[in-house]
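Please treat every number below as a calculation from the coordinates, not as lab data. Since this is a predicted model, take the numbers as computed values, not measurements. Neighbour counts run over all protein chains shown; Cβ positions are idealised from the backbone, glycine included.
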Amino acid sequence: MAGHDLIDAYLAAAARCLPREVVDELADGLVETYQRQRSEGLDADAAAETAIERFGDLDVVLAAFVRQSPGRSVARILLCSGPVVGTCWGAALLAGPTSLPAPALVRVVFGAAVLTVVGLLAVAATARLGYRRTRAGAVGGTTLIVLDAVAIVAVLNAGPGLPWPTAAACAASLTRIVWTAHALRRVVSH
């Protein structure tokens, strides 16, 4: 670590909430600021206090990282787009004649999975100080990809002919699959 108890404590607290790469960046900046203060004649304690003061209160720093986290952004976009894709599927079901012969248990499990995804995305989208909570967006997004793929495959296997509302729902889900897969690469890399 940095070599001063105040900076070490600051970085240890940050490490409990942020990814290692982010903490390493913070450490570089803090140590550089600390060393600059020391070279300007401040004693070790004053230099550490000044460095930390310049970086800001840890809660403010954490909140800034959480606000900018890819997981939070992806979760918010998926939550906003969900009703649009859901409406497409609702219109497809109402337009019939596509009948999806699925046992009641399959429908219940699918519905529970959709609710779980919404919950995971809500956790990630509303995170304020818990950067790791934003990772729930990756789990929710991955599960959403699976659910969209299952819906598309089920409709395509239901029989010949694809009414336009069903084709539109499949296109909406396919678009969401592609976008989510691309966006999740950023989430996983952070």
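Could the peptides 168-174, 87-93 be put in order, highest first, of the mean number of other beta-carbon atoms found within 10 Å of their residues?
The most tightly packed comes first, giving 168-174, 87-93.
Add +1 for every Lys or Arg and -1 for every Asp or Glu among the other residues with Cβ under 11 Å from the Cβ of THR126, and state the total.
Result for the neighbourhood of THR126: +4.
Of SER73, VAL61, TYR34, whose Cα points farthest to the positive end of the dipole of the range 32-85 (charges on the beta-carbon: +1 Lys, Arg; -1 Asp, Glu; origin at the Cα centre)?
Farthest towards the positive end: SER73.
Could you give the length gained on full extension between VAL106 and LEU156, defined as 0.36 nm per residue of separation minus the Cα-Cα distance, in nm?
16.3 nm
So for the range 5-65, Kirkwood radius off the Cα pairs, Stokes-Einstein at 4 °C and 1.567 mPa s: how many µm² s⁻¹?
112 µm²/s
Once you keep just the Cα pairs under 8 angstrom separated by 6 or more residues, what percentage relative contact order results for the chain?
Rounded, it is 26 percent for the chain.
Which of the peptides 70-80, 111-121 is most tightly packed, and how do the rest follow, going by the mean number of other Cβ atoms within 10 Å of each residue?
70-80, 111-121
Starting from 0.36 nm per residue, how many nanometres of slack lie between THR87 and ARG185 once their C-alpha separation is accounted for?
Taking THR87 through ARG185 to full extension adds about 32.6 nm, to one decimal.
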